[in-house]
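See below for the structure under consideration.
Nothing in this text is a laboratory measurement; each read-out follows from the coordinates by a stated rule. The structure displayed is predicted, hence computed values, not measured ones. Cβ coordinates were reconstructed from backbone atoms using ideal geometry, including for glycine residues, and neighbour counts include every protein chain displayed.
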Amino acid sequence: MAGEEAPPGALNLAEYALAGARTVDCFRRIRKIGEGTYGEVFEAMDIITGERAALKKIKLDDGKEGFPRQILREIKLLKKLDHENIIRLKEIVVSPGPAHGTGGSDDHMYRGDIYMVFEYMDHDLKKVLHHSTPSQVKFYMKQLLEGLHYCHVNNVLHRDIKGANLLISGGNLLKIADFGLARPFTRDGSFTNHVITLWYRPPELLLGATNYAEAVDIWSVGCIFAEFLLRKPLFPGRTEQEQLSKIFELCGFPNEENWPGVSKLPLYKTIHPVTPTKRRLRDIFQNFDCHAVELIDRMLILNPTQRISAQDALSAAYFIH
Ligand code: AMP
């Protein structure tokens, strides 16, 4: 199969199998650890090396729909990204499936299950989000920003930064995981605004923006940072409308003065000012480290072009003191 092109939507195993297409029989399954959009995640052990791994099963719908496009994108991105704070995709393995290699035009359509093999991580950040010490918080935030800065300089948006997608291992080592919604981006691109889990979704996406950039991920980081301090979610909205109201109550109401161009966003006309309309985000953080609050304040700026970048955040006073 080497050197051959797979038809659109199909997985070219020759291209993606990182260490030859080993089968899943090379692993001893230990337990189910999670449920992803495209299938289950298992803890397993490599029978040959004894190494622990996380196996993400990609359920193929009998080959009818081809390979999920989103998973293809995730594999392509993860193959390119190489950073200590980004989860490592070690290889792709397959389970023997019926009816492949029978000749004909769908020769490339693999009919068994396919697994993404990741380095194993102990747990996710959600577990420690509400009971971490200030020094742990600083270390997690630094690693999150380092990983995200690496994504952004490589023109990749993660688009689903939240506690469940940040994995922890070996004490306090943090890695960004689940690139299922990630995508490469260009400044003049137009993308769907239906991304990022509601509580961590920035106002520009909630207002229908389709031309957006790195700042969408930074908003999510600001929400997580605030959640670390408050020990509860900052903006736990139940609907998109309620999410916007909660944001405006703390960050003020957007207008052409504080966010030029906001009134042209598709959903701007559907929103109504809340009282008070002035920004009062800092008020709820009065008893916290002033450098931490200063950084949160710069991450949660309504106007995405004014929001701090991952690179600038890393040189903020919070990380120096
Ligand atoms: P995902 O589809 O990537 O969001 O994975 C679903 C869940 O499986 C996550 O929330 C984690 O609890 C778990 N999980 C995913 N990847 C790993 C990994 N590399 N190590 C340990 N657990 C993982």
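Subtracting the Cα-Cα distance from 0.36 nm times the residue separation, let me have the gained length for ASP188 to PHE319 in nm, one decimal.
Taking 0.36 nm per residue and subtracting the Cα distance, the gain is 43.9 nm.
Between helix 134-153 and the chain, what is the angle of the helix's C-alpha long axis to the longest principal axis, kept within 0 to 90° and rounded to the nearest 10?
Approximately 70 degrees, to the nearest 10.
How large is the translational diffusion coefficient of the stretch 117-175 in µm² per second when you combine the Kirkwood radius over alpha carbon pairs with Stokes-Einstein at 20 °C and 1.002 mPa s?
The estimated diffusion coefficient comes to 177 µm²/s.
Using alpha carbons only, how many angstrom separate the centre of the stretch 221-284 from the centre of the stretch 143-208?
Result: 19 Å between the Cα centres.
Could you identify which residue out of LYS90, LYS57, LYS80 has the top mean-square fluctuation in a GNM of the chain using Cα springs shorter than 10 Å?
It is LYS80.
Arrange the following residues from fewest to most other Cβ atoms within 10 Å of their Cβ: LYS278, LYS142.
So the ranking, lowest neighbour count to highest, is LYS278, LYS142.
Neighbour counts of other C-beta atoms within 10 Å: give me TRP259, TRP219 arranged from fewest to most.
TRP259, TRP219
On alpha-carbon atoms, Rg over Rh for the chain using Kirkwood Rh?
1.01
Taking the Cα centre of the chain as origin and charging only Cβ (+1 Lys, Arg; -1 Asp, Glu), how large is the dipole, in debye to the nearest 20?
Charge dipole of the chain: 720 debye, to the nearest 20.
How tilted is helix 290-299 with respect to the longest principal axis of the chain? Cα atoms for both, answer in degrees (0 to 90, nearest 10).
Taking Cα atoms only, the helix is inclined about 70 degrees.
Please order TYR140, TYR268 by the number of other Cβ within 10 Å, starting at the fewest.
Final ranking by Cβ density, sparse to dense: TYR268, TYR140.
How large is the translational diffusion coefficient of the stretch 132-288 in µm² per second when you combine the Kirkwood radius over alpha carbon pairs with Stokes-Einstein at 4 °C and 1.567 mPa s?
The calculation lands on 78 µm²/s.
Which one of LEU265, LEU229, LEU78 has the biggest mean-square fluctuation once the chain is modelled by GNM with Cα springs under 10 Å?
Checking each option, the largest mean-square fluctuation is seen for LEU265.
Using only helices, what value at 222 nm comes out for the chain when you add -39,500 (n - 2.57) per DSSP H run of length 4 or more and divide by the total residues, to the nearest 500 deg cm²/dmol?
-8000 deg cm²/dmol
Taking the chain as a Gaussian network, Cα atoms linked when under 10 Å apart, which of GLN70, GLN241, GLN286 shows the biggest mean-square fluctuation?
Maximum fluctuation in the GNM of the chain, among the listed residues, is at GLN286.
Of the beta bridges DSSP finds with both residues in the chain, what % are antiparallel, to the nearest 5?
The answer is about 90 percent antiparallel.
Counting pairs of Cα atoms in the stretch 252-310, how many percent are more than 14 Å apart?
It works out to 63 percent of all Cα pairs.
Can you tell me the 0 to 90 degree angle between the C-alpha axis of helix 215-230 and the longest principal axis of the chain, rounded to 10?
In the chain, helix 215-230 runs at an angle near 70 degrees to the longest axis.
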